[in-house]
Amino acid sequence: MKTIANSPLPDAVQQPRYDRSTLQSRMVHIGFGAFHRAHQALLTDRVLNRQGGRLGDL
């Protein structure tokens, strides 16, 4: 079965420069809205791309 997880991405799609398998859940969003959670994930991704680390969202 073909899934998104194992499908090749187009070259225009920017992929993370960090190893996602080393991330550990360190932050938890407790709330009803996905707006904050989405922005938290975006900013976490930017930080990990710049300086690395093991900080992950749950």
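We did not get these values from a lab; they are worked out from the coordinates using the rules stated. Everything numeric in this text was worked out from a predicted model, so none of it was measured. Cβ placement follows ideal geometry from the backbone for every residue including glycine, while neighbour counts extend to all protein chains displayed.
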Between residue 27 and residue 47, what is the label-point separation in nm under the 7 Å Cα-to-beta-carbon projection?
0.5 nm
Determine the relative contact order of the chain: mean sequence separation of Cα pairs under 8 Å and six or more apart, normalised by residue count, in whole percent.
47 percent
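Hand me the trypsin sites (Lys or Arg not before Pro) from the stretch 16-58 located in a DSSP loop with no more than 12 other Cβ atoms within 10 Å, in residue order please.
17, 54
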Which angle from 0 to 90°, rounded to the nearest 10, does the C-alpha axis of helix 34-51 make with the longest principal axis of the chain?
70 degrees
